[in-house]
Amino acid sequence: MAHDTAPIRDDERFDERRVASYLRTHLPELVGVDPIVFDQFPGGAANLTYRAVAGDRELVLRRAPHGPVAERGHDMEREHHVLSRLWKAYPKAPRSYHFCSDPEVLGKPFFVMERRRGWVIRNQWPQRYVDDDALKTRLAGALVDGLAELHRVDTRDVGLGDLGRPDGFVERQVAGWTRRWHAAKTREVPAMDKASTALVSNPPRPGPTTILHNDYKLDNTMADADGALVAVFDWDMATRGDALVDLGTLLAYWPDPEAATFQIFGEQGVMLAPYLAKSDVVDRYAAATGHDVSDFSYYEGLALFRIAVIVEQIYHRYIKGQTADDRFARFEPIAPILAEAACERLARP
């Protein structure tokens, strides 16, 4: 398995001695007295994720990005709250051990969680997968099954029965993401206004309330050599709400070169559509959960609208100099493309 960490980027460094001292004080049973060495997981587009190695123990540290963050975004306390409980009923959720609210330690509040091993598949297949279509098909099915399994968790069993506000969830999502768009936009995009109007005008009947990952997609998971999921990451937006919001996100991001979201990965993303079509994703999820999925087009349109906002927020941070990651320079044209795709999905019956 390829090494998945790298030296810490210069603009994302921190006081390693201070953080090591903090970890020894608050997690002595995990890091002991061994020297602690840090590096970074370089993937992802927002939150900063580091690895701490002490002897044969590896831990993962996650914090929000530099600069101002979007409203209710990058919530490390929420992510810790969920991951410190959810692992008991949903083994794909890594366990979180500790939350630090002091921004002076790592630059912003952060939490410490267990390390999982496998592949986070983003813009290329691991060598193990390259020539094995059956393995890719198995992974595609596992991704859908992993979402269905999450939506079968009874949040009361893991102490998350009071997470979020399910009533009126979709309406608040539309209003909130519209507000974030106006705060982040770098230019006018008429299709975003059109999509927002369509989302407000034609809300579906609410689906079942479940725990939501709220950003469930291939590159927020980790796969093993047999095509199974070994972890689901990035729970900072997790809540309870309409289950089909997660399904819409999965469909919007479903890896397909014909999909608007494919360009987020620089036209280099892996493909799952040849191995499991979107229609089969919907059918497989419905069979595993028993949920009525007849309004899935609305939820996919909502997801595309939301992703357009997220991309614009990242691009906004880039042009404001809040991140020096040159990957984000190419995000400039993506929000309008996603907005047009959202309008197309929302126009479907």
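Using a Förster distance of 25 angstrom, determine the FRET efficiency expected from the C-beta separation of residue 172 and residue 288, and round it to 0.05. Given R0 = 25 Å and the Cβ-Cβ separation, E is 0.40.
All Cα-Cα distances of region 272-349, cut into 5 Å bins from zero to the largest, leave 3, 15, 17, 16, 17, 13, 10, 7, 3, 0 percent in each bin in turn. For the listed peptides 178-189, 107-118, a ranking on the average number of other beta carbons within 10 Å per residue, highest first, reads 107-118, 178-189. Basic side chains Lys and Arg get +1 at the Cβ, acidic Asp and Glu get -1 at the Cβ, and with that the dipole of region 241-349 about its Cα centre reaches some 280 debye. Here is how the number arises for the chain: DSSP H runs of 4 or more residues each give -39500 (n - 2.57), the sum is divided by the residue count, and the result at 222 nm is -12500 deg cm²/dmol.
Going by alpha carbons, how many degrees (0 to 90, nearest 10) lie between the helix axis of 278-289 and the longest principal axis of the chain? Rounded to the nearest ten degrees, it is 70. Would you be so kind as to identify which of 160, 135, 183 lies farthest towards the positive end of the dipole of region 110-192, taking Lys and Arg as +1 and Asp and Glu as -1 on Cβ and the Cα centre as origin? Positive-most Cα among the choices belongs to 183.
Between the Cα long axis of helix 133-151 and the first principal axis of the chain there is an angle of about 90°, rounded to the nearest 10. Here the peptides 29-40, 146-157, 293-304 are ranked by packing, the mean other Cβ count within 10 Å, and the order with the highest first is 293-304, 146-157, 29-40. When only the Cβ of Lys, Arg, Asp and Glu is charged (+1, +1, -1, -1), the dipole of the chain relative to its Cα centre reaches about 560 debye.
Per residue, the convex hull spanned by the Cα atoms of the chain measures out at 130 cubic angstrom. For region 10-114, the dipole from Cβ point charges (+1 on Lys and Arg, -1 on Asp and Glu) about the Cα centre works out to 420 debye, to the nearest 20.
Axis angle, to the nearest 10 degrees, between helix 334-346 and the longest C-alpha principal axis of the chain: 40 degrees.
Distance between the C-alpha centres of region 270-309 and region 217-248: 13 Å, rounded to the whole angstrom. Legend: translational diffusion of region 173-270 by Stokes-Einstein, Rh = Kirkwood radius over C-alpha pairs, 20 °C, 1.002 mPa s; D = 137 µm²/s.
When Rg and the Kirkwood radius Rh are both evaluated on Cα atoms of region 100-191, their ratio Rg/Rh stands at 1.07.
Here the residues 76, 271, ranked from fewest to most Cβ neighbours within 10 Å of their Cβ, fall in the order 271, 76. Normalised Debye scattering of region 10-114 at q = 0.11, 0.19 Å⁻¹ gives log10 I(q)/I(0) of -0.32, -0.99, counting only Cα atoms as equal scatterers and leaving out solvent. Report note on the peptides 161-167, 275-281, 244-250: ranked by the mean count of other C-beta atoms within 10 Å, highest first, their order is 244-250, 275-281, 161-167.
All of the numbers you see were taken from the coordinates with simple rules; none came from a lab. These figures come from a predicted structure and were not determined experimentally. Note that we place each Cβ from the backbone using ideal geometry, even for glycine, and neighbour counts take in every protein chain shown.
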